Amino acid sequence: MAMPIASIIGGTGQIGLAVAERLARDGWEVRLVSRAPPPIAGPWQHVAVDREDRDAFRKALAGGADLLLDCVAFDERHADQLLDVQDSVGHLGVISSASVYCDAQGRTLDEAGQCGFPVFPVPIHEDHRTVEPGPQTYSTRKAAIERRILDGARAKVTILRPCAIHGPYSKHAREWWFVKRLLDGRTRIPLAYGGRSRFQTTSTQAIAEALRFSLSSDQSQVLNVVDADAPTVAEIARAIMDSMGRHADLLGLPDAPYPPALGATPWSVEKPIVCASSVPSTTTYAEGVGRAVRWLIAATQHRDWREVLPQLAAYPARHFDYAVDDQALATAGAKHISI
């Protein structure tokens, strides 16, 4: 029997590599479709192509695949590219985002700093209301991709909605916020909202398992992808410290308007964002984050972290201004968090 074939667009990034490793273990022939070569060797082929070169992209996918997964679809043009080749594909998979969800007032995370923080049920299920599709924001573009694919596909479709993704080979590793502080010898770390914020986490391994789960269904599906738990920021800190064998005191700051000026981590949200999923998950954040932490330490050992994590570095926040940390630690009313 011939091996099933998977083509993964953006396959050399953190999600694509996790999926490639999982499928290869199951006996799939895996092709990574991207501009840049993979950062590690593995049981896969690399197809070098720029998807913006539409003819070259179509030619690269002309051989067909049992599964075509797009990890880097950012607007409707990319959805149209997938629909162009769908007749040679058995199953279309698209990585979307839990950011497509909006609250009763139509607010998403995109507008949280301007229009007030969205208020979601705990947890958010896959049938929760989503923002209207459009070109305006990250969330509306992801919603537009979902709508175009689901409306136009003749092949079976799986839409995956992860939240705060963690895993090796990330260009936006939130865990670095704690890892660097611990490596730099910081012994007291302030946390906004008392460290109680919950911003749903999703490991790249959970994404790979969710996609594998979806292959057993004959129906098109939209699936949230989550870790087995939804840790608080304080619990995230504890898990990272445990994985590194280092310790720092965590001090919770009084609540403040969003976004907080002091103690703001990449997971610090004013109100909880917790997702439920139809995909069974057994691995907690603490059980899965060690792989990301080990990779971060190795990848940044002899390089400027900004080169390793360009997407995190591009954020307007001053992640490692320790003078701001010290100001927060001196703030009256700070209280120690016992975790």
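Considered as a group, the residues in the stretch 196-215 that are within 22 Å of His128 (Cα to Cα) and in a helix (DSSP H, G or I) include one that is most open to solvent (accessible area, probe 1.4 Å), and that residue is Phe213. Among residues that are open to solvent by 20 Å² or more (accessible area, probe 1.4 Å), farther than 27 Å from Pro118 by Cβ and of a type in the set (Asp, Glu), Asp249 is included. When the stretch 38-49 is examined, which residues are found to be open to solvent by 60 Å² or more (accessible area, probe 1.4 Å) and out of contact with any Asp or Glu (no Cβ under 9 Å at 6 or more places or on another chain)? Across the stretch 38-49, the qualifying residues are Pro39, Ala41, His46, Ala48. Restricting the stretch 100-124 to residues that are part of a helix (DSSP H, G or I) and without any contact (Cβ under 8 Å) to a residue 40 or more places away in the chain, which is nearest to Ile149 (Cα to Cα)? Step by step, filter the stretch 100-124, then rank; the result is Asp110. Inside the stretch 6-37, residues that are surrounded by fewer than 19 Cβ atoms within 10 Å (Cβ to Cβ) and touching a strand residue (DSSP E or B) at 6+ places or on another chain (Cβ under 6 Å) make up a count of 3.
Of all the criteria given as (1) in contact (Cβ under 8 Å) with a residue 12 or more places away in the chain; (2) more than 28 Å from Leu17 (Cβ to Cβ); (3) open to solvent by less than 50 Å² (accessible area, probe 1.4 Å), the one not satisfied by Leu92 is (2).
Residues of the stretch 154-173 that are farther than 18 Å from Ala18 by Cα and open to solvent by 10 Å² or more (accessible area, probe 1.4 Å): Arg154, Ala155, Lys156.
Test of understanding: among Asp218, Asp151, Asp229, which residue is assigned to a loop (DSSP other than H, G, I, E, B), more than 19 Å from the chain's Cα centre (by Cα), surrounded by fewer than 20 Cβ atoms within 10 Å (Cβ to Cβ) and acidic (Asp, Glu)?
So the residue among Asp218, Asp151, Asp229 that is assigned to a loop (DSSP other than H, G, I, E, B), more than 19 Å from the chain's Cα centre (by Cα), surrounded by fewer than 20 Cβ atoms within 10 Å (Cβ to Cβ) and acidic (Asp, Glu) is Asp218.
Condition check ((1) in contact (Cβ under 8 Å) with a residue 40 or more places away in the chain; (2) basic (Lys, Arg)) across all residues:
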| position | (1), (2) |
| --- | --- |
| Gly10 | yes, no |
| Leu17 | yes, no |
| Ala20 | no, no |
| Val47 | yes, no |
| Lys59 | no, yes |
| Ala62 | no, no |
| Ala98 | yes, no |
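Taken over the stretch 38-62, the residue count meeting the criterion of being out of contact with any strand residue (DSSP E or B) (no Cβ under 9 Å at 6 or more places or on another chain), at pLDDT 95 or above and among the small types (Gly, Ala, Ser) is 1. If the condition is being farther than 12 Å from Glu175 by Cβ, open to solvent by less than 60 Å² (accessible area, probe 1.4 Å) and without any contact (Cβ under 8 Å) to a residue 60 or more places away in the chain, then the stretch 257-298 contributes only Thr284.
The values are calculated or read from the model by the stated rules, or taken from the named source; none is laboratory data. The model shown is predicted, which means the values in this text are computed figures rather than measured ones. Heads up, the Cβs are rebuilt from the backbone with ideal geometry, glycines too, and the neighbour counts pull from every protein chain shown. These accessible areas exclude ligands, DNA and RNA; they are computed on the full protein's heavy atoms, side chains included. Shrake-Rupley method; radii C 1.70, N 1.55, O 1.52, S 1.80 Å.
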